[in-house]
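The values are calculated or read from the model by the stated rules, or taken from the named source; none is laboratory data. A quick note: this is a predicted structure, and the numbers were derived from the prediction, not measured. Using ideal geometry, Cβ is built from the backbone for each residue, glycine included, and neighbour counts are taken over all protein chains shown.
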Amino acid sequence: MDSTIPELDLFARVLLAAFLGGLVGVQREARGKAAGLRTNTLIAAGSAVFAVLSIRVVPHLQGDPSRLAAAVVTGIGFLGAGAILRNEHDVHGLTTAATIWVNSGIGLCAGVGLYLTAAGTTGLTLFVLEVLPHIENRLGRHLKGHNGHPQ
C-alpha cells in the first residue's frame with residue numbers, strides 16, 4: 001500500500017464511497033426500507049475510512065493492511081444480521097442485509113482506489129435491486145399459473 005497518497009486524495013475516496021453508497025441508499029429509501037439513504041451512505045463512507053486508514057497508518061506500524069478490511073467485513077456482518085427478522089412463517093430483511101454487505105464492499109473498493117470496481121458494483125447492485133424483482137415476479141406468476149396455484 002502507498003502511504004504517500006495525499007490526505008486530500010484519500011478523503012476524495014471517502015466522498016466517492018459516500019456518493020456511491022448514497023445512490024444505493026436512495027433506491028432503498030424509495031422502497032421504504034429501514035436501511036435507507038443515511039444508513040447506506042454511512043456504511044460505504046465508514047468502510048472507505050477504514051480502507052484509507054489501512055493504507056495510511058497500518059504500514060507504518062508494520063502491520064498487515066488487509067486485516068483492517070477483514071475486520072470491516074466481520075463488523076458489517078453483525079450489522080446485517082440485525083436487519084434480518086424471522087417469525088413463524090417468514091424471514092424479512094435478507095435483501096437489506098445483503099445490501100449492507102455489498103455496500104460495505106463498495107466503500108472498501110473506493111477507499112483503496114478501485115474506482116471502476118466500486119462504480120461497477122454500485123451499478124450491479126442497483127440492477128439487482130431494481131430489475132431482478134420484476135423478473136422474479138414474472139417467473140413466480142408463470143410458475144404458479146394464472147390461478148395462483150403451482151402447475
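In this structure, is Gly63 farther than 23 Å from Val128 by Cβ and at pLDDT below 90?
Working: farther than 23 Å from Val128 by Cβ: yes; at pLDDT below 90: yes.
For Gly63, the condition - farther than 23 Å from Val128 by Cβ and at pLDDT below 90 - is met.
Is it the case, given these coordinates, that Gly32 is more than 15 Å from Leu126 (Cβ to Cβ) and either of a type in the set (A, V, I, L, M) or not in a helix (DSSP H, G or I) (or both)? Full working, then the answer.
Numbers: more than 15 Å from Leu126 (Cβ to Cβ): yes; either of a type in the set (A, V, I, L, M) or not in a helix (DSSP H, G or I) (or both): yes.
For Gly32, the condition - more than 15 Å from Leu126 (Cβ to Cβ) and either of a type in the set (A, V, I, L, M) or not in a helix (DSSP H, G or I) (or both) - is met.
In the range 16-39, which residues are touching a Ser or Thr at 6+ places or on another chain (Cβ under 7 Å), of a type outside the set (A, V, I, L, M) and under 15 Å from Ala97 (Cα atoms)? Before the answer, list the steps.
Start the filter on the range 16-39 by keeping residues that are touching a Ser or Thr at 6+ places or on another chain (Cβ under 7 Å), which leaves 17-18, 20-25, 28, 33-35.
Checking which are of a type outside the set (A, V, I, L, M) leaves us with 21-22, 25, 28, 33.
Those that are touching a Ser or Thr at 6+ places or on another chain (Cβ under 7 Å), of a type outside the set (A, V, I, L, M) and under 15 Å from Ala97 (Cα atoms): Gly21, Gly25, Arg28, Lys33.
Which residue out of Val24, Val73 is at negative phi, modelled with pLDDT of 95 or more and in a helix (DSSP H, G or I)?
Values: Val73 fails: modelled with pLDDT of 95 or more.
Sole residue among the options that is at negative phi, modelled with pLDDT of 95 or more and in a helix (DSSP H, G or I): Val24.
Taking the range 88-122 as the search range and keeping residues that are surrounded by fewer than 17 Cβ atoms within 10 Å (Cβ to Cβ) and among the β-branched types (Val, Ile, Thr), which one is farthest from Arg13 (Cα to Cα)?
In this case the residue turns out to be Val91.
Given (1) closer than 21 Å to Leu129 by Cα; (2) surrounded by fewer than 18 Cβ atoms within 10 Å (Cβ to Cβ); (3) in contact with a Leu (Cβ under 7 Å, 6 or more places away or on another chain); (4) in contact (Cβ under 8 Å) with a residue 24 or more places away in the chain, identify the lone condition not met by Val24.
Answer for Val24: the failing condition is (2).
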